[in-house]
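Here is the structure we will look at, set down as structure tokens.
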There are 2 protein chains.
Amino acid sequence: MGPLRIGIAGLGHVGCGLIELVQRQDRLRLPGRVEIAGVSARSQSRNRPVSTDGYTWFDDAATLAEDPNVDVFVELVGGSDGPAKFAVESALRAGKHVVTANKALIAKHGNMLAALAAEKQVDLLFEAAVAGGIPVVRVLRDSLAGTEVTRVSGILNGTCNFITSTMLDTGRSYEDVLEEAQKRGYAEADPTLDVSGMDAAHKAAILSAIAFSADLDFSKVSVRGIEDIGLLDLRLADRLGFRIKLIAEGVLKAEGVVCRVEPMALTAGHALARIDGSLNSVRVEGDPLGAVVLTGPGAGSGPTASAVMGDVAKLFRPAIRNAFGRADHHVAQPFIKGGEDEISPFFLRVRLTDKPGTLAALTEALAEEGVSVDKLLQDSADETGASPVAVVTHRCPRRQILSAIARIEALGVTVDAPRLIRIETAS
Amino acid sequence: MGPLRIGIAGLGHVGCGLIELVQRQDRLRLPGRVEIAGVSARSQSRNRPVSTDGYTWFDDAATLAEDPNVDVFVELVGGSDGPAKFAVESALRAGKHVVTANKALIAKHGNMLAALAAEKQVDLLFEAAVAGGIPVVRVLRDSLAGTEVTRVSGILNGTCNFITSTMLDTGRSYEDVLEEAQKRGYAEADPTLDVSGMDAAHKAAILSAIAFSADLDFSKVSVRGIEDIGLLDLRLADRLGFRIKLIAEGVLKAEGVVCRVEPMALTAGHALARIDGSLNSVRVEGDPLGAVVLTGPGAGSGPTASAVMGDVAKLFRPAIRNAFGRADHHVAQPFIKGGEDEISPFFLRVRLTDKPGTLAALTEALAEEGVSVDKLLQDSADETGASPVAVVTHRCPRRQILSAIARIEALGVTVDAPRLIRIETAS
């Protein structure tokens, strides 16, 4: 299988992230090799986090798109019209596969572009256009093609979710938190596209078109943003048991698909109620599937570049792959046995016999093996007279706590086998 | 594109669920038509929820697998060896694509079967073998091929998760809850495969092989189940801020892949800590992806049949599809505008002017439009003298509450525009 030659138009954060991924592709699981046949951006001289020196430079995205050395055109220019649309159309007409992260382009011109791609028998892929690193486009389109989707809903704009959840958590005003979001790079200098709900609406329209085999018609999408949601609203809702979130949804009704974006008040048990900060989350409800929820980073150069690379990976031919996705050029990893040198905090539960000094024996055994105690809880003796004790240790090698347990058991201060459970901290 | 002819071996819950899906395929989004070329099961006479009368019956799965009218062999027999293995090998040797839900078969013989499929240039797909309706196999194999996966962890056995979460929630014993799980059909009559951790280990090994391009070697997987976890352990851990769950994981280390299943104590903020009941959840951590979490039904005939059908959908040729997954035979849905006839509970926030009778005016306006109040919270007046009031309504048409708001505004009892937010209850 020859290399797949990609042309990258747009060298912002995502474009540079993609180049970085191509440069370390030996650590990925692509079906074959990817080569960069050319790059294009507004400024060749701008300082970038990756070097573009070795790549053929094109001043014009459309020229790159049509270049005979390009198999796949990757559009990361942005904007629903103008150069992005022109270059994507040029690429499709020239019979090139297209991968794009451009949600506005797909929401506005997706029908036309899909028809053009079908006519030319090439792929038009846009995983990165919706929910960043969460692979919801292909999940909906391909993996869930065998289920009848009845509703898609989600938190599709991380900026809005960051703003509303930070306002409630910190008691700060909309303006204040928006400014922080801009400083952190979560929000643009002009945040209108995000806070108006328009960005989420583009994404919801794309997901609805896929989920319901629907003719994408963005003019029918109802859009309301978070601009008129105040701290007062968030707090009163919270006191009544609700979380207000900007929710994008598409629902199948008898007459067609209703797609809309609006702030909604979610009950505490709702799958999307606990998605805080800049995360995205999509819930797909189907028959006979039930509901599946996908949560992850909805933006950022790394997750978005991952999604673009996942689309590129799909374009290798032939389409049949090893069942586990293995290719001959992959670095094969062996399965190995986990050892006892692993370092972790641990939860240890013992039941101490009903005698004086047993707790001291326990703590001394731990100390002698160098296991340091973070928390310890001894409960009242149970009906047999045994005292349940739970210990949370600081990080230590598993070997040390196993040695401590062996000591404790040898002392005969426990009534049954101690239970050792590894602790996994928040992630 | 001609129809894809499938042969289904095994007519238990999942097999019958698949037949039911084939029968209503007009409501799915398959790339073309699926036909059932033949079925096979131990007993032809057994009473089943779907009629199999119209289908060609094969007494032997392997004969079905090799039948010239079969394009795709669907193996739902189960068991790591015996008839399932023999039939899958027969199908692959005969050059048929294979779709299977058999985790034990893939965990034990996956390498050999994948090599055979590669030799014959056919697909071997097993989405349904891991996490039921959650499409994690294809997400890991294809969508995330462009990211370097460093860890896969998850709750992959719904029976164990149901038992541990129900024990903690209800204070009942392991034996008691296991019996309920058996009654509900979550656990088998012989629950050993589940509670020993072996079922989760099969799935973790499959995910690890995909995530890390690793040679699947099930003998290296460490397996510990939930049999020795008592209510005491769950309760003490809870009081110290941890949830004990059976966690399956694969981690990439310098020397290879460590794959194991064991009960772990998760801090409250952990992505898997709140996954209760019989749900499954998988967390994939990668660079530069960050972390993605997929949650959904891990078992059951509907979700599993959905996953099988999603694999079948992948086998249509040519592989290039419409960008939105549309096919000519799909029932095209139009996008339509959402109306005001939608029925929902609503959250309404107003700020009432500093005069007597304003609250009465509000509640009367609601009553006159037939909007019934579920909860109402009036807070102290703010520095401007306005009183914030939040109302949670019972279900009503949006039109009615909009009329009530118009009344309220006409009365001049509010100091700014009321905020109306739709309520979405737990799902």
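Here are the numbers:
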item: Residue B:262 being among the acidic types (Asp, Glu), closer than 25 Å to residue A:132 by Cα and not in a loop (DSSP other than H, G, I, E, B); result: no
item: Only one of B:372, B:306 that is open to solvent by less than 10 Å² (accessible area, probe 1.4 Å) and either within 9 Å of chain A (Cβ to nearest Cβ) or in contact with a strand residue (DSSP E or B) (Cβ under 8 Å, 6 or more places away or on another chain) (or both); result: B:306
item: Qualifying residue in the range B:45-61 (condition: open to solvent by 50 Å² or more (accessible area, probe 1.4 Å), within 13 Å of chain A (Cβ to nearest Cβ) and touching a residue at least 12 places away in the same chain (Cβ under 8 Å)); result: yes
item: Subset tally (residues that are within 17 Å of the chain's Cα centre (by Cα), within 7 Å of chain A (Cβ to nearest Cβ) and of a type in the set (A, V, I, L, M)) for the range B:277-295; result: 3
item: Residue list for the range A:246-271, restricted to those being over 21 Å from residue A:157 (Cα atoms) and more than 8 Å from chain B (Cβ to nearest Cβ); result: A:254
item: Search result, residues across the range B:127-156 that are facing chain A (nearest Cβ under 7 Å) and either over 18 Å from the mean Cα position of the chain (by Cα) or part of a loop (DSSP other than H, G, I, E, B) (or both); result: B:133, B:134, B:135, B:142, B:144, B:145, B:146, B:147, B:148
item: Index of the failed condition, residue B:152 passing every other in (1) surrounded by 24 or more Cβ atoms within 10 Å (Cβ to Cβ); (2) without any contact (Cβ under 8 Å) to a residue 12 or more places away in the chain; (3) among the β-branched types (Val, Ile, Thr); result: (2)
item: The range B:310-356, subset part of a loop (DSSP other than H, G, I, E, B), at the interface with chain A (Cβ under 7 Å from one of its Cβ atoms) and of a type in the set (D, E, K, R), residue most open to solvent (accessible area, probe 1.4 Å); result: B:337
item: Subset of the range A:76-95 [under 28 Å from the mean Cα position of the chain (by Cα), in a loop (DSSP other than H, G, I, E, B) and under 13 Å from residue A:65 (Cβ atoms)]; result: A:76, A:77
item: Residue selected from the range B:197-237 under the condition more than 10 Å from chain A (Cβ to nearest Cβ) and open to solvent by 30 Å² or more (accessible area, probe 1.4 Å), by the criterion nearest to the chain's Cα centre (by Cα); result: B:198
item: Yes/no for residue B:26 being within 12 Å of another protein chain (Cβ to nearest Cβ) and either touching a His at 6+ places or on another chain (Cβ under 6 Å) or surrounded by fewer than 18 Cβ atoms within 10 Å (Cβ to Cβ) (or both); result: yes
item: Residue in the range A:153-162 that is of a type in the set (Val, Ile, Thr) and under 17 Å from residue A:15 (Cα atoms) present; result: no
item: The listed residue being within 8 Å of chain A (Cβ to nearest Cβ), among the charged types (D, E, K, R) and within 23 Å of the chain's Cα centre (by Cα), out of B:243, B:274; result: B:274
item: Condition met for residue B:272 (assigned to a loop (DSSP other than H, G, I, E, B), closer than 18 Å to residue B:166 by Cβ and open to solvent by less than 10 Å² (accessible area, probe 1.4 Å)); result: yes
item: Options B:41, B:65: the member that is touching a Ser or Thr at 6+ places or on another chain (Cβ under 7 Å) and of a type outside the set (Val, Ile, Thr); result: B:65
item: In the range A:169-188, the residues that are open to solvent by less than 60 Å² (accessible area, probe 1.4 Å), part of a helix (DSSP H, G or I) and of a type in the set (Ser, Thr, Tyr); result: A:174
item: Residues satisfying the stated conditions in the range B:327-344, i.e. of a type in the set (S, T, N, Q) and out of contact with any Phe, Trp or Tyr (no Cβ under 6 Å at 6 or more places or on another chain); result: B:344
item: Tabulated pairs, the range B:406-427, first touching a residue at least 12 places away in the same chain (Cβ under 8 Å) and more than 7 Å from chain A (Cβ to nearest Cβ), second part of a loop (DSSP other than H, G, I, E, B) and open to solvent by less than 30 Å² (accessible area, probe 1.4 Å), C-beta under 6 angstrom, 6+ apart or interchain; result: B:413/B:353; B:415/B:353; B:415/B:386
item: Residues that are out of contact with any strand residue (DSSP E or B) (no Cβ under 8 Å at 6 or more places or on another chain) and open to solvent by 30 Å² or more (accessible area, probe 1.4 Å), drawn from the range B:375-400; result: B:383, B:384, B:399, B:400
item: Residue within the range A:367-386 that is at pLDDT 95 or above, among the aliphatic types (A, V, I, L, M) and assigned to a helix (DSSP H, G or I) present; result: yes
item: Condition broken by residue A:347, with the remaining ones in (1) closer than 30 Å to residue A:26 by Cβ; (2) touching a Phe, Trp or Tyr at 6+ places or on another chain (Cβ under 7 Å) satisfied; result: (1)
item: Candidates B:225, B:269, B:197, B:277, filtered to the one that is closer than 22 Å to residue B:169 by Cα, at pLDDT below 95 and in contact with a helix residue (DSSP H, G or I) (Cβ under 9 Å, 6 or more places away or on another chain); result: B:277
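The rows are residues; the columns are (1) at pLDDT 95 or above; (2) acidic (Asp, Glu); (3) more than 17 Å from residue B:301 (Cα to Cα).
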| position | (1), (2), (3) |
| --- | --- |
| B:6 | yes, no, yes |
| B:10 | yes, no, no |
| B:19 | yes, no, no |
| B:23 | yes, no, no |
| B:33 | yes, no, yes |
| B:50 | no, no, no |
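The values are calculated or read from the model by the stated rules, or taken from the named source; none is laboratory data. Since the structure is predicted, the reported quantities are computational estimates derived from the model, not experimental observations. Positions of Cβ are backbone-derived with ideal geometry, glycine not excepted, and every protein chain shown enters the neighbour counts. We work out accessible area using only protein heavy atoms, side chains counted, and drop any ligands, DNA or RNA first. Shrake-Rupley method; radii C 1.70, N 1.55, O 1.52, S 1.80 Å.
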